[in-house]
Amino acid sequence: MIYNTLTRKKEIFEPLHAPNVGLYVCGPTVYGDAHLGHARPAITFDVLFRYLQKLGYKVRYVRNITDVGHLEHDADEGEDKIAKKARLEQLEPMEVVQYYTLRYHKAMEALNVLPPSIEPHASGHIIEQIELVKEILDNGFAYESEGSVYFDVAKYDKAHNYGVLSGRNLDDVLNTTRELDGQNEKRNPADFALWKCAQPEHIMRWPSPWSNGFPGWHCECTAMGRKYLGEQFDIHGGGMDLVFPHHECEIAQGVAAMGKPVVKYWMHNNMITINGQKMGKSYNNFINLSEFFSGSHPLLEQPYSPMTIRFFILQAHYRSTVDFGNEALQAAEKGLQRLMDAWNTLNTIPSAGATTVDVAKLREKCHEAMNDDMNTAQVISLLFDASRSINQIADGKATISADDLAELKETFHLFTFDILGLKEERGSGNAREEAYGKVVDMLLEQRQAAKAAKDWATSDRIRNELAALGFEIKDGKEGTTWKLNR
């Protein structure tokens, strides 16, 4: 079951062309560093991508890069954000695009977000967007005005229904449309640009039948989705802030051009707040991912690792709001460590006799949670329950059979690492923690040698000094394990 924003209810997922699934997610506008607003949809749809593949579907995942047409004031007016950045920093626009795209990729890699199947750039698909505009014009749902082309919302609304996704009617749209420069070109203030005639100072421009200009922001996803996923595909995702106007306009463009709805399921993750406030530069709470990782923002008490951010986002259902704060992040850090400790313990415990803990239905329950509109919060809760059972076995308070142990290991790994996309960070990119690990292992080897020589004083001293530094040492039948209590 997935929640379809279009119908406002949970629906059984039935792909149009099973086992093939088409998934399109709105990617970033690359004029600045990746921030939390980029992280949540990336992580949400990464989990969906992973899970669909584990269910046996062949998924073509398209996530676009917006590098043209996203204007400073709204979807139709103002200066292109990338062009503005290029002008201020005296760079070519594509230098800005390349720089921030690479930084976005680096942030996504740190968050363990898998790369999409295809990552098209809007600037590389101008021809497809021009063809889309031509089709809408030919079908009578757009008009040319002073070298620009606008979508005729009122005409479309009479034939179809503008507002099916957001629930708005045309009168609501008209009452909330701001007066902006260039509105005199439009027949109706609610009409949106399909193609904009470039002003002399506009440095990003392409030739078209109407003028030298650039496509409207909404065109790119419709044109690229059709090119790579066909005239009808399964899932279109993004943040809740894109429901109106971006995705509403996409629906209208698709129907106007092709005469039918393009997308079967619309999925939207909810918004992020920081300490109860909407995230924004005016609130001085706009925190880039790199600032989270380094702890350099004044609102942060400490650095937070990429996996802490990922785990925190997955602790909440994707359709609920998420509030970032130091207390919550520190709790998430401890929760993540509990899971990683459980996994490490799971790999050291022996099987012995009958199973006396409840682990038999873990896989089934986790699948039920994922099948219930991707309830990652419930999956994490089930993994915590399994962690308690693992600790009981490790402490000698319970036993587990060989078959159940193998199943528990497989299920824990499947949902923790393969589907939720979590990973152990010690020794996988953090050089300082990797060095700590090597030093502790070396000391434990010396302690083991001391024990073998019955040098109990040296053995106890190493253990006590490590404990004083915050390292918890456990001796078991399978050997000695350790962890750092943060």
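Could you name the aspartates and glutamates whose alpha carbon sits less than 17 Å from that of K451, not counting residues in the same chain fewer than 8 places away?
Result set, ordered by chain and number: D441, D460, E465, D475, E478.
Tell me, what ³J(HN,Hα) does each residue in the stretch 58-65 have, in order and in whole Hz, if you take phi through Karplus 6.51 cos²θ - 1.76 cosθ + 1.60 with θ = phi - 60° and put x for Gly and Pro?
Values, residue by residue: 9, 9, 9, 9, 10, 10, 7, 10 Hz.
Give me Y318, Y283, Y265 sorted ascending by neighbouring Cβ count inside 10 Å, so fewest comes first.
So the ranking, lowest neighbour count to highest, is Y283, Y265, Y318.
Among F286, P298, Y57, which residue has its Cα positioned farthest towards the positive end of the charge dipole of the chain, with +1 placed on the Cβ of Lys and Arg, -1 on the Cβ of Asp and Glu, and the dipole taken about the Cα centre?
Y57
Leaving out same-chain residues fewer than 8 places away, which lysines sit with a Cα under 19 Å from that of K106?
Correct list for K106: K423.
Work out the length of the dipole vector of the chain about its Cα centre, built from +1 on the beta-carbon of each Lys and Arg and -1 on the beta-carbon of each Asp and Glu, and round it to the nearest 20 debye. Kindly include the intermediate steps, with their values, before the conclusion.
Working: 53 positive and 67 negative charges, 258 e Å.
Dipole of the chain, to the nearest 20 debye: 1240 debye.
Which aspartates and glutamates have a Cα lying under 12 Å from the Cα of K196, excluding residues fewer than 8 positions away in the same chain?
Cross-link targets: D76, E77, E79, D80, E144, E146, E185.
Past the 30 Å Cα-Cα mark, which pairs from K134/K158; K186/K260; K54/K85; K84/K158; K9/K134?
Flagged as over cut-off: K54/K85; K84/K158; K9/K134.
Charges at C-beta only: +1 for Lys and Arg, -1 for Asp and Glu. How large is the resulting dipole of the stretch 1-46 about its Cα centre, in Debye rounded to 20? Display every interim value, and only then the final one.
Values: 4 positive and 4 negative charges, 47 e Å.
Around 220 debye, computed over the stretch 1-46.
Would you be so kind as to identify which of H35, Q392, T416 lies farthest towards the positive end of the dipole of the chain, taking Lys and Arg as +1 and Asp and Glu as -1 on Cβ and the Cα centre as origin?
Checking the options against the dipole of the chain, the answer is Q392.
Tabulate in residue order the Karplus-calculated ³J(HN,Hα) for the stretch 341-350, using 6.51 cos²θ - 1.76 cosθ + 1.60 with θ = phi - 60°, rounded to whole Hz; enter x for Gly and Pro.
5, 4, 5, 5, 5, 4, 7, 10, 7, x
If you take the charge dipole of the chain about its Cα centre, with +1 on Lys and Arg Cβ and -1 on Asp and Glu Cβ, which of A328, I2, A198 is farthest toward its positive end?
A328
So what's the angle, to the nearest 10 degrees on a 0 to 90 scale, between helix 36-54 and the longest Cα principal axis of the chain?
70 degrees
Residue by residue through the stretch 184-189, what is 3J(HN,Hα) from phi via Karplus (6.51 cos²θ - 1.76 cosθ + 1.60, θ = phi - 60°)? Round to whole Hz and write x for glycine and proline.
These are the phi-based 3J(HN,Hα) values: 5, 6, 9, 6, 9, x Hz.
Amide H to amide H under 5 Å from G476: which residues, 5+ apart in sequence or cross-chain, H placed 1.01 Å off N in plane?
Long-range HN contacts for G476: T481.
Fewest first, what order do K451, K260 take by the number of other Cβ atoms within 10 Å?
Listing K451, K260 from fewest to most nearby Cβ atoms yields K260, K451.
Can you tell me the FRET efficiency between S401 and N326 if r is taken as the Cβ-Cβ distance and R0 is 45 Å, rounded to the nearest 0.05?
It comes to 0.55.
Taking other Cβ within 10 Å of each residue's Cβ, how do C221, C197 sort, fewest first?
Ranked by crowding around the Cβ, least crowded first: C197, C221.
Could you pull out every residue, at least 5 positions away or on a different chain, whose amide H is within less than 5 Å of the one on F324? Hs are placed 1.01 Å off N in the peptide plane, and Pro or chain starts have none.
T273, I274, N275, G276
Return the long-range amide H neighbours of N20 (sequence gap of 5 or more, or a different chain), with a cut-off of under 5 Å between placed amide H atoms.
K58
Each reported figure results from applying straightforward, stated rules to the coordinates on display, with no laboratory input. None of the values given here were measured: they were computed from a predicted structure. Note that we place each Cβ from the backbone using ideal geometry, even for glycine, and neighbour counts take in every protein chain shown.
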